[in-house]
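S.K.: Please see the structure below; I have some questions.
The values are calculated or read from the model by the stated rules, or taken from the named source; none is laboratory data. Since we're looking at a predicted model, the values are computed, not measured. Every residue, glycine among them, receives a Cβ derived from its backbone with ideal geometry; neighbour counts consider all protein chains shown. To get the accessible areas, we keep the full protein, side chains included, count just its heavy atoms, and leave off ligands, DNA and RNA. Shrake-Rupley method; radii C 1.70, N 1.55, O 1.52, S 1.80 Å.
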Amino acid sequence: MSSSSIQVVVRLRPMNEKEKKHGTLPVVTASTQDKSVTIIKGQGSRQARTSFCFDHVFTAFSSQEEVFEETLKPVIGDVMKGFESTVFAYGQTGTGKTHTMEGDLSTPEMQGVIPRSAHAIFERLRQPQYSEYIVTCS
């Protein structure tokens, strides 16, 4: 984990079928390497771009596993050391919060960060140093 206790992470969701069908053009681009998101307003010569930087950025092509490994897995290590933690998703309706947090529970590679976190915690609790434990969540 970084030295900051709060991290801001952005994930762009993939285009949905309706957007693809109507030929919708993306108005946001992202760079995982630069940790930036660029908003594109207008068209042609009147196009304006504004970029913002974050602690982590995931593109529409980032996998559920990548998001978990880079964001929540380090937090779970801290939780297992006794620290309390909160992770939440914030954003406008339809921006991919449920896709990121829950995902598709019927397909392991599409599971979101919540089921992956629960699995990781209980896998850790199988280690011998955890002979007794209480798990609570809210």
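S.K.: Tell me which of 48, 107, 60 sits at the most positive position along the dipole axis of the chain, charges placed on C-beta atoms (Lys, Arg +1; Asp, Glu -1).
M.R.: Selected residue: 48.
S.K.: Further question on the same structure: Could you tell me which of rounded, prolate or oblate describes segment 66-117, using a ≥ b ≥ c as the square roots of the eigenvalues of the alpha-carbon gyration tensor, with rounded for a/c under 1.5 and, failing that, prolate when a/b is larger than b/c and oblate otherwise? Show your work: numbers first, answer last.
M.R.: Values: a/c = 2.55, a/b = 1.47, b/c = 1.74.
Oblate, because a/c is 1.5 or more while a/b does not exceed b/c.
S.K.: For the chain, with the dipole built from +1 on Lys and Arg beta-carbon atoms and -1 on Asp and Glu ones, taken about the Cα centre, which of 26, 37, 80 lies farthest toward the positive end?
M.R.: 26
S.K.: Then there is this: What are the ³J(HN,Hα) couplings of segment 75-81, residue after residue, when phi is run through the Karplus curve with 6.51, -1.76, 1.60 and θ = phi - 60°? Round to Hz, x for glycine and proline.
M.R.: Listing the rounded values in order: 5, 4, x, 5, 4, 5, 8 Hz.
S.K.: Give, in nm to one decimal, the length gained when the segment between residue 7 and residue 84 is fully stretched (0.36 nm per residue of separation minus the Cα-Cα distance). Don't skip to the answer; put the middle values down first.
M.R.: Numbers: separation 77, 0.36 × 77 = 27.72 nm, distance 1.51 nm.
Additional length available on full extension: 26.2 nm.
S.K.: Further, regarding this structure: Take the alpha-carbon centre of segment 59-125, take the same for segment 1-46, and report the distance between them in whole Å.
M.R.: Rounded to whole Å, the Cα centres lie 19 Å apart.
S.K.: If you put +1 on each Lys and Arg Cβ and -1 on each Asp and Glu Cβ, how big is the dipole of the chain around its Cα centre, in Debye rounded to 20? Let's see the in-between values first.
M.R.: Working: 15 positive and 15 negative charges, 132 e Å.
In total the dipole reaches around 640 debye.
S.K.: Just for segment 1-75, what percent of DSSP beta bridges are antiparallel, to the closest 5? Each step should come with its number before you reach the end.
M.R.: Numbers: 10 of 13 bridges.
Restricted to segment 1-75, the bridges split so that about 75 percent are antiparallel.
S.K.: Something else: How charged is the neighbourhood of residue 123? Take every other residue with its Cβ under 12 Å from the Cβ of residue 123, and add Lys/Arg as +1 and Asp/Glu as -1.
M.R.: Residues close to residue 123 contribute a combined charge of +4.
S.K.: About its Cα centre, what dipole magnitude does segment 45-121 give when the only charges are +1 on Lys and Arg Cβ and -1 on Asp and Glu Cβ, stated in debye to the nearest 20? Provide the component values of the computation, followed by the final result.
M.R.: On the way: 6 positive and 10 negative charges, 74 e Å.
Result for segment 45-121 is approximately 360 debye, rounded to the nearest 20.
S.K.: Once the other residues with Cβ under 11 Å from the Cβ of residue 10 are scored (Lys, Arg +1; Asp, Glu -1), what is the net sum? Present the calculation step by step, with values, prior to reporting the outcome.
M.R.: Numbers: positive: 11, 13, 35; negative: 55.
It works out to a net charge of +2.
S.K.: Same structure, new question: Under a point spin-label approximation (7 Å from Cα along Cα-to-Cβ), what is the residue 61-residue 95 distance to one decimal in nm?
M.R.: Inter-label distance under the simple model: 2.4 nm.
S.K.: While we're looking at this one, here's another question. How much accessible surface area, in Å² rounded to 10, belongs to the heavy atoms of residue 86 with a 1.4 Å probe?
M.R.: We get 120 Å² for residue 86.
S.K.: At R0 = 25 Å, how high is the FRET efficiency between residue 47 and residue 70 if r is their beta carbon distance? Nearest 0.05 is fine.
M.R.: Working: r = 31 Å, r/R0 = 1.24.
Rounded to the nearest 0.05, the efficiency is 0.20.
S.K.: Rounded to whole Hz and in sequence order, give me ³J(HN,Hα) for segment 48-64 from the Karplus expression 6.51 cos²θ - 1.76 cosθ + 1.60, θ = phi - 60°, writing x for Gly and Pro.
M.R.: 10, 10, 10, 10, 9, 10, 9, 5, 9, 9, 10, 7, 5, 9, 5, 7, 4
S.K.: Next up: Working from Cα positions, state the angle (0 to 90°, nearest 10) between the long axis of helix 113-125 and the longest principal axis of the chain.
M.R.: Approximately 20 degrees, to the nearest ten.
S.K.: Taking amide H positions as placed 1.01 Å from N in the peptide plane, with prolines and chain starts having none, which residues 5 or more places from residue 11, or on another chain, fall under 5 Å of its amide H?
M.R.: Amide H neighbours of residue 11, under 5 Å, 5+ apart: 58.
S.K.: Now, a different point. Could you state, as a whole-number percent, how many of the C-alpha pairs of the chain are farther apart than 18 Å? Intermediate results must be reported in sequence, preceding the final value.
M.R.: Numbers: 5950 of 9453 pairs.
Value for the chain: 63 percent of Cα pairs lie more than 18 Å apart.
S.K.: So, with a 1.4 angstrom probe, what is the percent of accessible area on the chain that is carbon and sulfur? Walk me through the numbers before you get to the answer.
M.R.: Values: 5700 of 10540 Å².
Accessible surface attributable to carbon and sulfur in the chain totals 54 percent.
S.K.: Per residue of the chain, what 222 nm ellipticity follows from adding -39500 (n - 2.57) for every DSSP H run with n ≥ 4, rounded to the nearest 500?
M.R.: Details: 5 runs with 35 residues, N = 138.
Calculated at 222 nm, the ellipticity per residue is -6500 deg cm²/dmol.
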